[in-house]
Amino acid sequence: MTATIALVDDDRNILTSVSIALQAEGFLTRVYSDGETALKALTENAPDLAIFDIKMPRMDGLELLRRLRERSQIPVIFLTSKDDELDEALGLAMGADDYIAKPFSQRLLIARIRAILRRTELTQTSEAGVSEAQPAIDRGRLTMDPARHRVTWNGQPVTLTVTEFLILETLAQRPGIVKTRNQLMDAAYQDDIYVDDRTIDSHIKRVRRKFRGVDPDFDSIETLYGAGYRFSEE
């Protein structure tokens, strides 16, 4: 079945360029230039995934997400500026699935969309009781449920983006084994998308910060300088 993607942004150029790129990949698209118009449309005829700009007049992306989550759990990706870290954290806490900083690669956005849609499908398969769902990962105080995209540490939930989840999953699958940055790139970014080493390092920093939000002594992701990273199971 062809997936439908809703785009909500007050920048007409972004709406046009992203819509064309998505249609070229086989997606159906709907575009909205403000949050108020989008909210009514999204709740009456839900797409498979929505992409929101955070900074919009009349109703910004955060308020749109808050109101949408009262009625729907459709996956949402935020488009943010590089300086919107606080908004990113708030958006994820409110139920966004991922965020991408502007300016962004359309190939990267499409890869994130495909990853989220795959995870949504796995979640639905798991909840329907079908046996193909991926098994949970238990590593000491860490528990990961790949099908439902859920993570806990000491029983406390930790909210990760799709990219962060895939990086941590790769590390946790083989505790003690060093994963190079290239291996982590391959796990987190598909379709031959290139990102530099600093991008992986930034993701690792964010993951550590989120875990330290529930456990200030968290130190299970180790840096091996010149080699990569590994997960240490206590």
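Miscellaneous remarks
- Carbon/sulfur fraction of accessible area - the chain, other protein chains in place, 1.4 Å, %: 47 percent
- In the chain, lysine pairs closer than 23 Å at Cα, eight or more apart or cross-chain: 10
- To the nearest ten degrees, helix 162-173 and the longest principal axis of the Cα atoms of the chain are 20 degrees apart.
- For the range 1-79, the convex hull drawn through the C-alpha positions has a volume of 75 cubic angstrom per residue.
- Across the range 1-90, C-alpha contacts under 8 Å between residues 6 or more apart give a mean separation that, scaled by the residue count, equals a relative contact order of 29 percent.
- For the peptides 213-222, 55-64, 135-144, residues were scored by their other Cβ atoms within 10 Å and the scores averaged per peptide; the highest-first order is 55-64, 135-144, 213-222.
- Low-density loop cleavage sites - chymotrypsin sites (Phe, Trp or Tyr not before Pro) in the range 23-84, where at most 13 other Cβ are within 10 Å (DSSP): none
- For the chain, averaging the sequence separation of C-alpha pairs within contact (under 8 Å, six or more residues apart) and dividing by the residue count gives a relative contact order of 13 percent.
- GNM flexibility winner over the chain from Leu68, Leu90, Leu171 (Cα, springs under 10 Å): Leu90
- Looking at the chain, the accessible area is 50 square angstrom per residue; that uses a 1.4 Å probe and ignores ligands, DNA and RNA.
- In the chain, helical runs assigned H by DSSP with n ≥ 4 each contribute -39500 (n - 2.57); averaged across all residues and rounded to the nearest 500, the mean residue ellipticity at 222 nm is -13500 deg cm²/dmol.
- Translational diffusion of the chain, estimated by Stokes-Einstein from the Kirkwood radius over alpha carbon pairs at 20 °C in a medium of 1.002 mPa s, is 116 µm² per second.
- Of all DSSP bridge pairs formed entirely within the chain, close to 45 percent run antiparallel.
The values are calculated or read from the model by the stated rules, or taken from the named source; none is laboratory data. Quick caveat: nothing in here was measured; it's all calculated off a predicted structure. Every residue, glycine among them, receives a Cβ derived from its backbone with ideal geometry; neighbour counts consider all protein chains shown. SASA here: full protein model, heavy atoms, side chains in, ligands and nucleic acids out. Shrake-Rupley method; radii C 1.70, N 1.55, O 1.52, S 1.80 Å.
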